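Taking it in order: structure first as structure tokens, then the write-up.
The values are calculated or read from the model by the stated rules, or taken from the named source; none is laboratory data. The model shown is predicted, which means the values in this text are computed figures rather than measured ones. Methodologically, a virtual Cβ is constructed for each residue, glycine included, from the backbone with ideal geometry; neighbour enumeration extends over all protein chains shown.
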Amino acid sequence: MRQSDLKLDGNAIAGLLREIFTMEMTNAESTCAGCGKVHAVGRVDVYLNAPGVVVRCPACEQVLMRIVRGRGRYWIDLTGTRCLEFKE
Amino acid sequence: MAFISRGFRGKRRDTASGSRVPPGQHVVDDFPVLSAGPTPRVPLSEWSFSIVGELDEPKTWTWDEFRRLPSETVSVDIHCVTKWSKLDTSWTGVSVETILEGVETAADYAVAYCDGGYTTNLPVDDLRGRQAWIAFEYDGQPLDPEHGGPARLLVPHLYLWKSAKWVRGISLQAEDEPGFWESNGYHNRGDPWREQRYWGD
Ligand SMILES: [Zn+2]
């Protein structure tokens, strides 16, 4: 399997993020804590074929979010996202 | 048994493979590619492997030096926390025991670090005793980059996220330091026979 098959965009986690944030998140703007670039969540790089979901900055490839779900719980690491802006 | 339907997962514990498959796992024949990021591609001329941290002096091997270390071919079963297991996989590599020969350290913990930024933590005891390798061949062929080539850690008695792909070194530490998955929900040790998948298992 080629890497291009593994990398998806943020629309791939629209449903997962709705479970967590209870609102549509693909239009939210995320600021990368590494390079400072701002991307719509729908346009970030997403890796789903992993023990958890890994979201990376399309500009610098740093991890923006890690989301693990198991045993009825979520674990969400947002240290790579300096700011998440979304409409009410 | 040549073929096990996914529909029978975990039910036939009396089969030959049953006693080799940890709870909650099913056997696959293919080799799924798991990836938490882009596949790093480092030329062998720029590759090295290091032991750093709690030792008198850090040790580093170039690719050629690393390949001159005594290696061995082993057949092992591997278990991914995403619930697939693959039996009788053949790997060639240098045992971590060999790499740590002559290393004086009081460290109880280790962190494997990798190209691409991935890390995973293990007790040093899980790396010693010829149960962990730095593997560079799979099935007699150079390890494919998608599966962690040029070299990956192989620790088959723990879930496969501990077998870090694209490994470049091991840091020996006095303190345990949770890695990429261990710091965000996944179990600190990851013993598949105890189903240590998540925090609290
Ligand atoms: Zn960035």
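Numbers at a glance
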| item | result |
| --- | --- |
| Output for the range A:46-88, where each listed residue is within 24 Å of B:F31 (Cβ to Cβ), in a strand (DSSP E or B) and more than 8 Å from every other protein chain (Cβ to nearest Cβ) | A:V46, A:V53 |
| Only one of A:G10, A:G52 that is closer than 30 Å to B:G200 by Cβ, surrounded by 18 or more Cβ atoms within 10 Å (Cβ to Cβ) and in contact with a helix residue (DSSP H, G or I) (Cβ under 8 Å, 6 or more places away or on another chain) | A:G10 |
| Selection count where residues are near the ligand (Cβ under 8 Å from one of its atoms) and part of a strand (DSSP E or B), scope the range A:28-37 | 1 |
| Residues that are hydrophobic (A, V, I, L, M, F, W, C), more than 14 Å from chain A (Cβ to nearest Cβ) and surrounded by 19 or more Cβ atoms within 10 Å (Cβ to Cβ), drawn from the range B:79-92 | B:W91 |
| Qualifying residue in the range B:86-99 (condition: touching a Cys at 6+ places or on another chain (Cβ under 6 Å), free of Cβ contacts under 8 Å to residues at least 60 places away in the same chain and not β-branched (V, I, T)) | no |
| Which listed residue is at pLDDT below 95 and either closer than 19 Å to B:G53 by Cα or assigned to a strand (DSSP E or B) (or both), from B:E137, B:E104 | B:E104 |
| Options B:R189, B:R197: the member that is farther than 21 Å from B:R68 by Cα and within 14 Å of another protein chain (Cβ to nearest Cβ) | B:R197 |
| Count of the range B:69-86 residues which are within 28 Å of A:V53 (Cβ to Cβ), of a type in the set (A, V, I, L, M, F, W, C) and part of a strand (DSSP E or B) | 2 |
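Conditions (1) out of contact with any Cys (no Cβ under 9 Å at 6 or more places or on another chain); (2) over 21 Å from B:Y186 (Cβ atoms); (3) within 16 Å of the ligand (Cβ to nearest atom), marked per residue:
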{"position": "A:T26", "(1), (2), (3)": "yes, yes, no"}
{"position": "A:H39", "(1), (2), (3)": "no, yes, yes"}
{"position": "A:V44", "(1), (2), (3)": "no, yes, yes"}
{"position": "A:Q62", "(1), (2), (3)": "no, no, yes"}
{"position": "A:R66", "(1), (2), (3)": "yes, no, yes"}
{"position": "A:R73", "(1), (2), (3)": "yes, no, no"}
